[in-house]
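Worksheet: one structure, shown below.
The values are calculated or read from the model by the stated rules, or taken from the named source; none is laboratory data. Values in this document were obtained by computation on a predicted structure and should not be read as measured data. In this analysis, Cβ positions are derived from the backbone assuming ideal geometry, glycine residues included, and neighbour counts consider all displayed protein chains. Side chains are part of the model used for accessible areas, which takes the heavy atoms of the whole protein and leaves out ligands, DNA and RNA. Shrake-Rupley method; radii C 1.70, N 1.55, O 1.52, S 1.80 Å.
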Amino acid sequence: MAAAFKTVEPLEYYRRFLKENCRPDGRELGEFRTTTVNIGKCLCGIIIMGEVILISGSITTADGSALVKLGNTTVICGVKAELAAPAVDSANKGYIVPNVELPSLCAERFRSGPPGEEAQAASQFIADVIENSQMIVKEDLCIANGKLAWVLYCDIICLDYDGNLLDASVFALLAALKNVQLPLVTINEETGLSEVNLKQKNPLIISKHPVATSFAIFDDTLLIVDPTAEEEDLATGTVTIVTDEEGRLCSVHKPGGSPLTGAKLQDCITRAITRHKEVKKLIDKVIKSITPK
């Protein structure tokens, strides 16, 4: 009977749960789904409800990789580092090129072919987060001014879609970048050619650690965190807050929908800062567990 009612009146079905301050999946309105992260390509860490477990890795061909599960939403990020000449107007900077893919295998709503509107919007969101948060200082990617710099291609692929793509994507990107090891590169003064020392590698310098926290707005007033795909479809709006480890607001992403009052927005920011501490703690534990002693 409940299944039939949910099919016929899905919004009213949700409202009956929300009135009791809970959701159909058993979570409270401010409760996140179980979050797991798998980092690296050898021995990797997974955090499940705060417990560390070691398992085999994510992408063996990438310079850095991570797999994140947020409930049923599964996202994998692979970072590939290549050498290129810097742009003329940014001779002392490298590049970071993010790309989000939503293949048809991750959900029925997506189709094969060129990137759809949602994938393009997600890629632009990630690019904005990288730029606004200054998570990587692009000058650090420069090897020789005007001659050579690193290009970081960050491919984020959704393997299973059940809402809250942006949170999972930012989490996977940050975890993968913290796993990157760049080889020492020098310019031979006699030949002018680059020389790569694969035996000497250094970790990528992460200046800031942005974390995204998304909310769905129901009936223009009620906020719920970490919405599922079904909750996103029924919501009257969504908002994503990005903060760093200093509690600084890096980005507010609100693609239309119900407006938010100043008080509601401040509530979202406060909760996002708390969520940041949890996510940063998870990543630090995993990185520590896979770092050779």
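List the number of the failed condition for residue 41; all other conditions in (1) modelled with pLDDT of 90 or more; (2) open to solvent by 30 Å² or more (accessible area, probe 1.4 Å); (3) part of a loop (DSSP other than H, G, I, E, B) hold.
Going through the list (1) modelled with pLDDT of 90 or more; (2) open to solvent by 30 Å² or more (accessible area, probe 1.4 Å); (3) part of a loop (DSSP other than H, G, I, E, B), residue 41 breaks only (1).
Just to verify a result, which residue in segment 140-156, among those that are modelled with pLDDT of 95 or more and open to solvent by 40 Å² or more (accessible area, probe 1.4 Å), is farthest from residue 226 (Cα to Cα)?
Taking the candidates together, the pick is 153.
Quick check on segment 70-108: of everything there that is open to solvent by 40 Å² or more (accessible area, probe 1.4 Å) and touching a residue at least 60 places away in the same chain (Cβ under 8 Å), which residue is farthest from the chain's Cα centre (by Cα)?
By that ranking, first place goes to 85.
Evaluate segment 259-269: report whether one residue or more is closer than 25 Å to residue 18 by Cα, touching a residue at least 12 places away in the same chain (Cβ under 8 Å) and part of a strand (DSSP E or B).
no
What are the residue pairs meeting all of these: first residue in segment 129-142, first residue touching a residue at least 40 places away in the same chain (Cβ under 8 Å) and under 13 Å from residue 204 (Cβ atoms), second residue among the polar types (S, T, N, Q) and exposed (fewer than 15 other Cβ atoms within 10 Å of the Cβ), Cβ atoms under 6 Å, and 6 or more apart or on different chains?
As it stands, the answer is 137/207, since those pairs meet every condition given.
Say we look at segment 158-202 and pick out the residues that are surrounded by fewer than 24 Cβ atoms within 10 Å (Cβ to Cβ), of a type in the set (A, V, I, L, M) and within 30 Å of residue 74 (Cα to Cα); which of these is modelled with the highest pLDDT?
Taking the candidates together, the pick is 166.
Report, by residue number, each residue of segment 234-258 that is closer than 18 Å to residue 164 by Cα and free of Cβ contacts under 8 Å to residues at least 40 places away in the same chain.
Within segment 234-258, 235, 236, 237, 238, 239, 241, 243, 252, 254, 256 meet the criteria.
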